[in-house]
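A.B. asks: Mind looking over this structure? Questions follow.
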Amino acid sequence: MSPRQEQILRAIVEQYAEVASPVGSSLLAKVFNVSSATIRSEMAELEKLGFISQPHTSAGRIPTDKGYRYYVNNVSDSPNKEESRAEKALTSRVNHAGLPEQTIRNAVDTLVELTHNLGLATIGDQLYMSGLSNLFGQPEFMHPGQVQEVARLLDNLEPWLQEAAPNKPLSVFIGQENPIGRGAGCSLIISKFRSPYSDRSYVGVLGPTRQSYRNVMGLVQHAGKSLEEIL
């Protein structure tokens, strides 16, 4: 992939996350100050490589799971020198919660407010979830078959977490990468942390593959670190 193609893919991922509609060449031509024909040519190459696709109803392009994976793997992970406003809000809610269970619940509820996704965390052998209406309110999940796939993923999520026990501080499972509910079109972003309940507790979010990954990943990782420090 050329540097310009990488920039175009990044722009498509970020623009699609914001507007939830396929991204056209005319918009990107203005962003990159080149002709629409040049953008269309680069898009055709990205499509050939499997990073974007063209829905049959539109001339615009959307990222594929492979495109999202490339983006996530190449998102700058250099920490901000200053806590963002959202991170400060999360820290404040976690710091003043009291009991461990309420602290974890507060972290999840705050992630729901900040990311507009479904929030989740393991509390002992239980899976606490909040924000189902956020998840099913997304335009991606209007089709009953899609909803069924999401429900199947949620039904099996807690036992899968216990069995697989992802060991990275931050894990991102995109679309087909999910071991269950692969057709759900969801991304699961989770952070592992130590708690009084387990050395492998998890907090995170579940939402459509159309995500503001940079922000959401940063918030989930911050939630995990904050919970581990406080608990």
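A.B. asks: Give the value in nm², to one decimal: projected area of the alpha carbon convex hull of the chain, averaged over all directions.
C.D. replies: Working: hull surface 51.9 nm².
The Cα convex hull of the chain, projected and averaged over all directions, gives 13.0 nm².
A.B. asks: Kindly put H116, H56, H222, H143 in sequence by how many other C-beta atoms sit within 10 Å of each C-beta, fewest to most. Walk me through the numbers before you get to the answer.
C.D. replies: Numbers: H116 16, H56 5, H222 22, H143 10.
Ascending Cβ contact count within 10 Å gives the list H56, H143, H116, H222.
A.B. asks: Okay, next question. Of the cross-linked pairs K66/K168; K66/K225; K66/K88, which ones have a Cα-Cα span greater than 26 Å in the structure shown?
C.D. replies: K66/K225; K66/K88
A.B. asks: Give a residue-ordered list of calculated ³J(HN,Hα) values for segment 128-145 (Karplus: 6.51 cos²θ - 1.76 cosθ + 1.60, θ = phi - 60°; whole Hz; x for Gly, Pro).
C.D. replies: Rounded to whole hertz, the list is 8, 10, 8, x, 4, 5, 4, 5, 7, x, 6, x, 5, 10, 7, 7, x, x.
A.B. asks: Taking only Cα atoms, what is the 0 to 90° angle, nearest 10, from helix 3-19's long axis to the longest principal axis of the chain?
C.D. replies: Between helix and principal axis, roughly 60 degrees.
A.B. asks: Counting pairs of alpha carbon atoms under 8 Å apart in space and at least six apart in sequence, what relative contact order in percent does segment 47-164 give? Spell out each step's value before the answer.
C.D. replies: Working: 95 pairs, mean separation 13.3, N = 118.
Relative contact order comes out at 11 percent.
A.B. asks: Report the net charge of residues surrounding S25, where surrounding means a beta-carbon distance below 15 angstrom and charges are Lys +1, Arg +1, Asp -1, Glu -1. Walk me through the numbers on the way to the answer.
C.D. replies: Numbers: positive: R4, K30, R40, R61; negative: E42, E45, E47.
Taking every Cβ under 15 Å from that of S25, the sum is +1.
A.B. asks: About its Cα centre, what dipole magnitude does the chain give when the only charges are +1 on Lys and Arg Cβ and -1 on Asp and Glu Cβ, stated in debye to the nearest 20?
C.D. replies: Value, rounded to 20: 540 debye.
A.B. asks: Could you tell me the relative contact order of the chain? Use alpha-carbon pairs under 8 Å, at least six residues apart, and round to a whole percent. Intermediate values should be presented prior to the final figure.
C.D. replies: Working: 355 pairs, mean separation 40.2, N = 231.
Relative contact order here is 17 percent.
A.B. asks: Could you state the principal axis extents of the C-alpha atoms in segment 3-74, from the largest down, to the nearest angstrom?
C.D. replies: Here the spans come out as 29, 28, 24 Å, largest first.
Readers should treat all values here as calculations from the given coordinates under stated rules, not as data from a laboratory. All of these numbers come straight from a predicted model, not from anything done at the bench. In this analysis, Cβ positions are derived from the backbone assuming ideal geometry, glycine residues included, and neighbour counts consider all displayed protein chains.
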